[in-house]
Amino acid sequence: MSQFEIDPESIATPPERIAKVLEDPGFGRYFTDHMASATYTPDAGWQHLVIEQTKPFAMHPSAGVLHYGQEIFEGLKAYRHDDGSVWLFRPGRNAERFANSATRMAMAPLPPDLFVDAVTRLVDLDRDWVPAGSNEQSLYIRPFEIASEIFLGVRESHEYRFMVIASPVGPYYPDPVWLWATPTYTRAASGGTGAAKCGGNYAASLIAADEAHEHGCQQVLWLDGAEHRWIEECGTMNILFVTRDGELITPDLRGTILDGITRDSLLRLAPRHGLTPVERQIDIHEVSTRIASGEITEALACGTAAVVVPVVGFRRPGPTADADDVTLPVAHATPGPKTLALREHLLDIQYGRAEDPFGWTVRV
Ligand SMILES: Cc1ncc(COP(=O)(O)O)c(C=O)c1O
């Protein structure tokens with residue numbers, strides 16, 4: 001039984017209009033009819049659990065989120081299987097990460113069962129908005145939490161608002177990507193917020209994305225904040241490397257990168273593709289040398305929105321200020337077979353076309 005009450009006043013979009021949107025949803029352009037919402041105060045805890053019409057809402061101009069940036073979010077998807085049923089992928093992991101992000105940002109953690117309840121209830125109600133699985137379409141779900149107390153002053157807020165909205169989407173990066181190892185910016189530092197999914201991390205990263213585009217790359221490759229040498233992750237994805245001798249290597253979790261759910265899923269699928277998962281520090285020089293020698297045969301990036309994207313090469317600044325960028329294509333800049341097989345396997349589980357040995361999918 002859901003703890004979220006549905007506002008009976010809400011109006012549903014006509015089926016013909018939804019069908020039109022689902023023909024070409026793009027990414028994050030259209031929103032479903034409903035949103036979930038809850039509020040928190042220290043005395044009452046989480047209350048006013050409702051699902052209502054998606055609409056703008058009023059906020060006092062002094063609300064903490066507008067000044068001191070206490071905001072966290074999540075991203076997960078609902079998939080339609082061929083028989084018409086609708087499924088979530090590992091929502092419990094998003095719920096746990098959401099609570100961990102809240103704790104890091106000194107916000108009120110939402111109990112994971114309430115998170116899953118809100119997401120499930122909303123998707124159930126708006127299930128007509130979940131596209132058919134063809135062309136890798138799905139319903140992207142965005143839970144978030146903001147500091148809403150009316151107060152000015154640098155301290156943690158005493159009131160929070162939790163909300164969930166949803167948007168039908170197609171693929172995020174339809175093509176393979178080049179990554180720019182930015183020499184200018186870093187995303188996270190030891191003791192910072194790199195492992196939390198907070199809006200501030202993304203705000204700080206946008207300028208580096210511009211730099212990547214100027215160098216002909218679609219995404220940034222983040223290196224560590226202290227030595228600018230250790231590979232961390234990409235803008236909205238974790239990164240992995242396939243080696244000739246059968247390893248799937250990814251940077252380990254040391255508090256500066258996001259504990260990606262797709263990353264974890266690929267590491268667990270790896271043995272089924274003849275790959276040994278390895279989580280360790282890996283530096284940009286090792287990657288350069290081993291790409292050049294052919295020992296690294298594939299690179300891939302992964303995340304909920306992007307699924308699994310082949311990384312076909314890296315660019316970094318040349319040795320002197322006036323030198324050209326160093327360009328490192330991975331395996332002749334073509335997507336590798338292990339990358340494509342892992343991608344296919346994950347999608348097949350998500351869309352119900354392959355067995356789900358780990359019990360990752362949850363029916364709505
Ligand atoms: C910075 C960052 N790293 C990694 C990921 C991948 O995480 P997940 O696989 O849980 O979507 C994301 C996407 O949410 C991200 O924003």
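List of remarks:
- Computed log₁₀ I(q)/I(0) - Debye formula, equal Cα scatterers, no solvent, the chain, q 0.07, 0.08, 0.10, 0.12 Å⁻¹: -0.32, -0.42, -0.66, -0.94
- Dipole magnitude (debye, nearest 20) for the stretch 186-304, charges at Cβ of Lys, Arg, Asp, Glu: 320 debye
- Dipole axis of the stretch 5-171 (+1 Lys, Arg; -1 Asp, Glu on Cβ), positive-most option in Thr41, Gly64, Leu22: Gly64
- Each residue, Ala323 and Met1, gets one label point 7 Å from its Cα in the Cβ direction; the gap between the two is 6.9 nm.
- The chain: relative contact order as a whole-number percent, Cα under 8 Å and 6+ apart: 17 percent
- Compactness of the stretch 78-132 was expressed as the Cα radius of gyration divided by 2.2 N^0.38 Å, which yields 1.33.
- Charge dipole (the chain, unit charges on Cβ, about Cα centre) - positive-most of Cys198, Asn135, Val278: Val278
- Once the C-beta distance of Asp124 and His273 is scaled by a Förster radius of 30 Å, the resulting FRET efficiency is 0.30 to the nearest 0.05.
- Taking Val326, Val130, Val307 as the candidate residues, the one with maximal mean-square fluctuation in a Gaussian network model of the chain, Cα springs under 10 Å, is Val326.
- In the chain, the longest principal axis of the Cα atoms and the axis of helix 199-214 are about 40 degrees apart.
- Of the beta bridges in the stretch 5-171, as assigned by DSSP with both residues counted there, near 95 percent are antiparallel.
- Glu211 versus Thr103: modelled label distance in nm, points set 7 Å from Cα along the beta carbon direction: 3.3 nm
- The stretch 196-271 - Rg (one decimal) and Dmax (whole number), Cα, Å: 13.6, 39
- Taking only Cα atoms of the stretch 182-228, radius of gyration then Dmax in Å: 10.8, 32
- Under 11 Å, Cβ to Cβ, from Tyr40 - net charge with Lys/Arg +1 and Asp/Glu -1: -3
- Counting only protein chain heavy atoms and rolling a 1.4 Å probe, the accessible areas of Met105, Met163, Met59, Met1 rank, largest first, as Met1, Met59, Met105, Met163.
- Over the residues of the chain, the helix contribution to mean residue ellipticity at 222 nm works out to -7500 deg cm²/dmol, using -39500 (n - 2.57) for each DSSP H run of at least 4.
- Computed from the C-alpha gyration tensor, the three semi-axes of the ellipsoid equivalent to the stretch 5-171 are 30, 17, 14 Å, from longest to shortest.
- In a reduced charge model with +1 at each Lys and Arg Cβ and -1 at each Asp and Glu Cβ, the chain shows a dipole moment near 300 debye about its Cα centre.
- Scanning residues 5 or more positions from Val326 or on other chains, those with amide H under 5 Å from its amide H are Arg316, Gly318, with H placed 1.01 Å from N in the peptide plane.
- The Rg/Rh ratio of the stretch 243-364, with both radii computed over alpha carbons and Rh defined as the Kirkwood radius, is 1.01.
- With the whole protein complex present, His228 retains an accessible surface near 60 Å², based on a 1.4 Å probe.
- Potential lengthening of the chain between Ala203 and Val50 amounts to 52.1 nm, from the contour at 0.36 nm per residue minus the alpha-carbon distance.
- A Förster distance of 41 Å, applied to the separation of the beta-carbon atoms of Phe57 and Phe358, puts the FRET efficiency at 0.60.
- Simple spin-label estimate for Ala341 and Ser190 in nanometres, 7 Å along Cα-Cβ: 3.9 nm
- Axis of helix 337-350 versus longest Cα principal axis of the chain: the two differ by about 10°, to the nearest ten degrees.
The values are calculated or read from the model by the stated rules, or taken from the named source; none is laboratory data. Because the structure is predicted, anything quoted here is derived from the model rather than measured. Quick reminder, even Gly has a Cβ in these numbers, built from the backbone with ideal geometry, and neighbours come from all protein chains shown. In case anyone asks, the SASA skips ligands and DNA or RNA and just uses the protein heavy atoms, side chains included. Shrake-Rupley method; radii C 1.70, N 1.55, O 1.52, S 1.80 Å.
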